[in-house]
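Working notes for the structure below.
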Amino acid sequence: MNFIKDFVLGMRAYWKAFLFIRERKMYWYALIPAFLMLGIYQVGSWIQYRQFDTDTRTMNGIVWYLIQLMLEISIALLLMQFSKYMVVTILSPLLAYLSQKTEKIITGNHYPFNMKQFWLDIKRGLRIVVRNIMWQYFFFLIIFAFCAIFWDNIHESPVFYITYLISFYYYGFSFLDYVNERRKLSVDASILLMRKHRGLTLAIGMVFSLLILVPVNLNALFDWHRFSVAPIDVVSQFCVHFFLWFCAAFAPILASVASTIAMHDLVDLSGNQFIKRSDMNQ
C-alpha cells in the first residue's frame with residue numbers, strides 16, 4: 001500500500017513541478033540541455049563526415065587511415081547516439097542548483113557555499129553514479145542471461161522489460177539524492193530511504209526516462225534537402241522531432257524540480273538543520 005501511495009506522490013510531484021516551472025518562468029533552463037544536446041550532436045556529425053588527409057599509397061598509410069577512420073566514426077556515433085545521456089551527466093551541477101533553488105522557493109532554506117563541502121559533494125555524486133551503474137548492469141546481465149536461456153529472441157521475453165523498471169529506479173535515485181545530499185544523509189542512509197520509498201523513486205525515474213528516451217532524430221532538424229520534393233513531409237518531420245527534442249531537453253529540468261517537491265511532501269524540508277533561513281523567496 002505504501003508503494004502505491006509513494007508512486008502517486010511522485011506522479012503528482014511532476015504535475016506540481018510543471019506548474020511550478022511555468023509560474024516562475026523557469027522553463028528557459030531547458031535551453032541549456034537543448035543546445036548542449038545539439039552541440040554534442042553537431043560535433044559528432046562533423047567528425048563523422050570530416051575528410052581525411054592521409055597518404056594511402058603505402059600499407060602503413062592505409063593502416064593508419066583505417067585506425068583513424070574507425071576511431072573517429074566510433075567517437076561520432078557515441079556523440080550522436082548518446083548525446084542525451086551525456087547531457088544529463090554534464091548538467092549535474094545545474095540540476096543540483098535547480099533542486100536547491102526549488103527548495104529555497106518552497107521553504108526559504110538557504111545553503112551557504114563551502115568549497116570543501118563542494119568537493120565532498122562531487123566525490124559523493126561520483127560514488128552514487130558508479131554504484132548505480134554497477135548495480136544496474138549487474139541486474140541487466142542476470143536478466144539478459146536468463147532470457148537468453150529460455151527465449152530464442154531476448155526482446156520477446158516479458159522478463160526482459162524488468163530492466164526498464166530497474167533503470168527507472170536508479171534514475172529516480174540519482175535525482176532524489178540531490179536532496180538527500182543537502183540533508184547530509186550518508187550514502188547508506190540515502191540508499192535505505194530510497195528502498196523504503198521505492199514507489200516514489202520509481203515514479204521520478206519513470207517519467208524522466210520516458211521523456212529522455214523519446215526517439216528524437218536531431219538530423220531531421222537540419223536535413224532539408226528533400227524540401228523541394230516533399231515539403232509537407234519534411235516540415236512535419238521537423239515539427240515532430242523538434243517537439244521530441246524539447247521533451248528530451250526538458251526532462252532533466254522537470255525531474256530535478258519534481259524530485260525536490262516530492263521529497264518536501266515526503267519529509268518536510270523546512271526542518272533541515274543544515275541550512276540558513278532566508279526571508280527572500282525567489
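If the condition is being of a type outside the set (A, V, I, L, M, F, W, C) and within 18 Å of the chain's Cα centre (by Cα), then segment 125-164 contributes Gly125, Arg127, Arg131, Asn132, Gln136, Tyr137, Thr163, Tyr164. Taking the listed residues Val234, Val214, the one that is in a loop (DSSP other than H, G, I, E, B), at pLDDT below 85, surrounded by fewer than 21 Cβ atoms within 10 Å (Cβ to Cβ) and among the hydrophobic types (A, V, I, L, M, F, W, C) is Val214, with no other qualifying.
For segment 225-253, the candidate set comprises residues that are without any contact (Cβ under 8 Å) to a residue 12 or more places away in the chain and among the hydrophobic types (A, V, I, L, M, F, W, C); within that set, the residue that is farthest from Leu91 (Cα to Cα) is Val229.
For Arg182, the conditions (1) over 30 Å from Ile162 (Cβ atoms); (2) surrounded by fewer than 16 Cβ atoms within 10 Å (Cβ to Cβ) are fulfilled apart from (2). Residue by residue through segment 4-46, note down the ones that are in a helix (DSSP H, G or I), at pLDDT below 90 and more than 17 Å from the chain's Cα centre (by Cα). Passing the criteria: Trp28, Gln42, Val43, Gly44, Ser45, Trp46. Checking each residue in segment 106-117 for being surrounded by fewer than 19 Cβ atoms within 10 Å (Cβ to Cβ) and under 26 Å from Tyr27 (Cα atoms) picks out Ile106, Gly108, His110, Tyr111, Pro112, Phe113.
For segment 147-163, residues that are surrounded by 13 or more Cβ atoms within 10 Å (Cβ to Cβ) and part of a helix (DSSP H, G or I) total 7.
The values are calculated or read from the model by the stated rules, or taken from the named source; none is laboratory data. Nothing here was measured: the structure is a model prediction, and the numbers come from that model. Every residue, glycine among them, receives a Cβ derived from its backbone with ideal geometry; neighbour counts consider all protein chains shown.
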